[in-house]
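Notes follow the structure.
The values are calculated or read from the model by the stated rules, or taken from the named source; none is laboratory data. Please read all numbers here as calculations on a predicted model, not as lab measurements. Here the Cβ positions follow ideal geometry from the backbone for every residue, glycine too, while neighbour counts run over all protein chains shown.
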Amino acid sequence: MFIPESIRVHLPDEQFNLDSIGRSEASVLQFSDRILKIQKDCNVSANEYHMMRWLQGKLPVPEIIAADHVDGVRYLLMSRIPGRYLCDDTFLSDQHRLAELCAEGLQRLWAVDITDCPTRRTLDEKFREIEAGLRDGWITAEQADQPDTYGPNGFSSPAALFDWLVVHRPEEDLVLSHGDYCLPNVFADGQELTGFIDIGLSGVADKWIDIEKGLWSMWANTTGFFGGKQRPFDRQLLFNALGMQPDEDKLRYYSLLEELC
C-alpha cells in the first residue's frame, strides 16, 4: 500500500488493523492512538479536512496529525477518538441509553455557533449537486436504498423525484449538521459521549437531516438489518430524549432526498 513520506514519518512502528465498520469506500488504518484515512480526492474528503480544522475546540473530533493528497488520493492522519462506536452491542442492548447518547450528540452539534462555518449543505447546495448528477447521468433509479422509491407505488424516475422535492421544499431549521449521523460515526465510553468521526458531509443544514439519518441507523442496527442480533426498535425513545415531537413530513422529505444525494 502506497503511503506518501509526508504521512509515513508520523506513523507509529506497530501493526495496524483495517477498519471494516460502516459503508465508506475509504481505507481506514487503525493504530493504537491514531487513524489513517485514505480515500479519493473529492469534495467530501476535502471538506472533512477543512471541517475537522474548523471544529477543533468546538466539538470532540479527531485532531489532524498530518494530511496530504497525491495522484488523486487524500491521506488524513488523525488522532483516535476514545471509546466505542454506538453500534457496539453494549449500546444496542440498552435502547434507552442509546437514544440518550444519540440525542446528546445531536444537541452538541446544534449548539455549535455556525456563523463562520466554512461549509453549507443546505437545500440550495444539494439541489445544485442533484441537478449536476441528473445531467451527467450518475444518479439512477438503481441506486435507491428503499425498494418503493420508484415504480408503481413511487416515482417514475429520479428526475420526477427531484421535481417533487423542489415543489415540496420545507422551511429549513439551520444548524451544524454532521451529514452522516449514523451509529458508527458517534463514539461513547461507558456513559459519556466521546466524539464524532467521518464528517466529510458536515456543514450548515437542516437539523432534521441528522434526525432522519440517526433514526434510520438506530433502526438498521437494532433490528439486524446489517446482521447480528435482532432487537425491538422504538423510534419514540429518541424524540423523548430530545424533548421533541416527530415531524413526519420532514422525516419523509429527507429520507427521499437521501435517495438522490
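Data overview
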{"quantity": "Residues of segment 9-26 satisfying the condition of being surrounded by 14 or more Cβ atoms within 10 Å (Cβ to Cβ) and modelled with pLDDT of 90 or more", "calculated": "LEU11"}
{"quantity": "Options ILE65, ILE3: the member that is modelled with pLDDT of 95 or more, surrounded by 14 or more Cβ atoms within 10 Å (Cβ to Cβ) and among the β-branched types (Val, Ile, Thr)", "calculated": "ILE65"}
{"quantity": "Number of positions in segment 103-158 that are part of a loop (DSSP other than H, G, I, E, B) and either farther than 30 Å from MET244 by Cα or not assigned by TED's automatic domain parsing to the domain that holds THR194 (or both)", "calculated": "9"}
{"quantity": "Counted residues, segment 158-210 - those being under 16 Å from LYS250 (Cβ atoms) and out of contact with any strand residue (DSSP E or B) (no Cβ under 7 Å at 6 or more places or on another chain)", "calculated": "10"}
{"quantity": "Subset of segment 144-184 that is surrounded by 14 or more Cβ atoms within 10 Å (Cβ to Cβ) and among the charged types (D, E, K, R) - its residue that is nearest to the chain's Cα centre (by Cα)", "calculated": "ASP180"}
{"quantity": "Segment 159-170 residues that are outside the structural domain of GLY137 (by TED's automatic domain parsing), paired with ones that are aliphatic (A, V, I, L, M) (beta carbon under 7 Å, 6 or more apart)", "calculated": "none"}
{"quantity": "Any pair with Cβ under 9 angstrom, 6 or more apart, that starts in segment 30-52 at a residue that is closer than 11 Å to ALA67 by Cβ and ends at one that is of a type in the set (S, T, N, Q) and in a helix (DSSP H, G or I)", "calculated": "LYS37/SER45"}
{"quantity": "Test: residue in segment 59-69 that is more than 20 Å from GLY190 (Cα to Cα), in a helix (DSSP H, G or I) and either in contact with a Lys or Arg (Cβ under 6 Å, 6 or more places away or on another chain) or of a type in the set (A, V, I, L, M, F, W, C) (or both)", "calculated": "no"}
{"quantity": "Long-range neighbours under 6 Å by Cβ, at least six apart or interchain, first residue of a type in the set (S, T, N, Q) within segment 238-257, second at pLDDT 95 or above and not in a loop (DSSP other than H, G, I, E, B)", "calculated": "SER255/GLU212"}
{"quantity": "Selection status of GLY195, without any contact (Cβ under 8 Å) to a residue 24 or more places away in the chain and at positive phi", "calculated": "no"}
